[in-house]
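Note sheet for the following structure.
The values are calculated or read from the model by the stated rules, or taken from the named source; none is laboratory data. This structure is a prediction, so every number in the text was calculated from the model and none was measured. Quick reminder, even Gly has a Cβ in these numbers, built from the backbone with ideal geometry, and neighbours come from all protein chains shown. For accessibility, only protein heavy atoms count, side chains too; no ligands or nucleic acids. Shrake-Rupley method; radii C 1.70, N 1.55, O 1.52, S 1.80 Å.
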Amino acid sequence: MPSTPQGTAREVLSAFLRLGLTSFGGPTAHIGYFRREFVERRRWLDEAQFAQLLTIAQVLPGPASSQLGFSLGLLRAGLRGAAAAFVAFTLPSVLLLLGLAGMISRSQAGVGAPLMHGLKLAAVAVVAHGVWQMGRRMTTDARHVGIAAAAAVVMLVGAQPWLQLVVIAVAAMAGRWMPTAGETPTVTGLPTMVSRTCGKSALALAALLLAVALAAPLVSALAGTTRAAATTDPAANLLTLGAAFWRVGSLVFGGGHVVLPLLEQSVVASGWLPLETFLAGYGAAQAIPGPMFSLAAFLGASVGTGASPWLGATVATLGIFLPGFLLVVGMLPIWGQFAGAPAAQRSVAAINAAVVGLLAAALLDPILRVGVESPLDALLALVALLLLRDARRSPLWAVALCALGSVALGALGFR
């Protein structure tokens, strides 16, 4: 039987709206904000329960910090609370990135070009820092270092979008058969606001929609449909866009910077957006509060679907977030049983290592190749990286440094 809600959706909305307006720093920082707010200050749950929710968010595909927030809202006020947490935490960043998309589309000259270039340099620094941090945490032994290196080499040599899915699948199978170091801790279940029947339905729906999203490119190829041929049909373009972002939301593990390779393949390699615009949006996403997956709103508004930019942003945003939320609803009722399986834990660890390799490959090509155009660019990106790594400043500092530095170089005639 589902547990009885301890709070209201309005209470959840109020708490998460404040966090959505003030939570700078990316997914890791968001986890700290959530813990202080809901474990220490509001006491909605205890440390053990919070740790289990965090583990669920980390082992499932999707945006980890947003899934954690969704889970907190779900445990507090049921499905309405979960929806309130998502809307309140995500909407501020979505609106900010929609505004940025409109500005970029109108700033093709003057300060606009150097500013966009500065945002690309910020993306170089932030992604390099992400690779360094994730590598330290997720490749702690020779086996996982080997998985990460192999994943990077495969992507750099193969350079095909579908190879990412193959890399993730192979890593999961390899991890399953790795020997376990130490004993697996016992994990108990959590209070859940949904029944097992509801959970199974959510998992079935997630699987069905993923199958449809994965089949969409194949169907288009067999039918001979190209992106150029589809631009006159906004409805078809929106469906294609939604399928692309649903695939990303269903297949990316960990959230944060790890979404970059899949998004780049979905919207740049497929011809939806130029890489310069993609990197500018990615860099700007580091300077706003809320989840970084809100970048989907910028991308959805920037592509030429023929429909309203607001509609494109909505389709892309829902497409990238909803798969992870369906998986949370499906996992909570069976969490205790799943978490006790050592093979599942080993597979997730191997997938995380492979994701480090995918991100490293994306850093080398195309981010460094396109973002850094001169030695001064390299110096600016390096200083921004040192701010993040050694001075432990937030990504906002890196974005400000690169944006202002690039504009200054342009004014001095170095661009």
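So here's what we get for this one:
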| quantity | calculated |
| --- | --- |
| Condition met for Leu45 (in a helix (DSSP H, G or I) and modelled with pLDDT under 95) | no |
| Residue match in region 334-341 (condition: surrounded by fewer than 21 Cβ atoms within 10 Å (Cβ to Cβ) and within 24 Å of Val259 (Cβ to Cβ)) | yes |
| Looking only at region 22-39, and only at residues there that are in a loop (DSSP other than H, G, I, E, B) and out of contact with any Phe, Trp or Tyr (no Cβ under 7 Å at 6 or more places or on another chain), the one that is modelled with the highest pLDDT | Gly26 |
| Of residues in region 386-396 being surrounded by fewer than 18 Cβ atoms within 10 Å (Cβ to Cβ) and touching a helix residue (DSSP H, G or I) at 6+ places or on another chain (Cβ under 6 Å), the one nearest to His30 (Cα to Cα) | Arg393 |
| Condition check for Leu45: under 13 Å from Val329 (Cα atoms) and crowded, with 17+ Cβ neighbours inside 10 Å | no |
| Residue among Ala280, Ala243, Ala213 that alone is in contact with a Phe, Trp or Tyr (Cβ under 6 Å, 6 or more places away or on another chain), open to solvent by less than 60 Å² (accessible area, probe 1.4 Å) and either more than 30 Å from Gln6 (Cα to Cα) or modelled with pLDDT under 85 (or both) | Ala213 |
| Selection status of Leu74, open to solvent by 60 Å² or more (accessible area, probe 1.4 Å), modelled with pLDDT of 85 or more and closer than 22 Å to Leu318 by Cβ | no |
| Residues of region 107-140 satisfying the condition of being open to solvent by less than 20 Å² (accessible area, probe 1.4 Å) and at pLDDT below 70 | Gly112 |
| Condition check for Ala297: in contact with a helix residue (DSSP H, G or I) (Cβ under 6 Å, 6 or more places away or on another chain), at negative phi and among the small types (Gly, Ala, Ser) | yes |
| Test result for Gly304, without any contact (Cβ under 8 Å) to a residue 60 or more places away in the chain and on the phi < 0 side of the Ramachandran plot | no |
| Looking only at region 342-380, and only at residues there that are under 22 Å from Ala142 (Cα atoms) and of a type in the set (Val, Ile, Thr), the one that is surrounded by the fewest Cβ atoms within 10 Å (Cβ to Cβ) | Val348 |
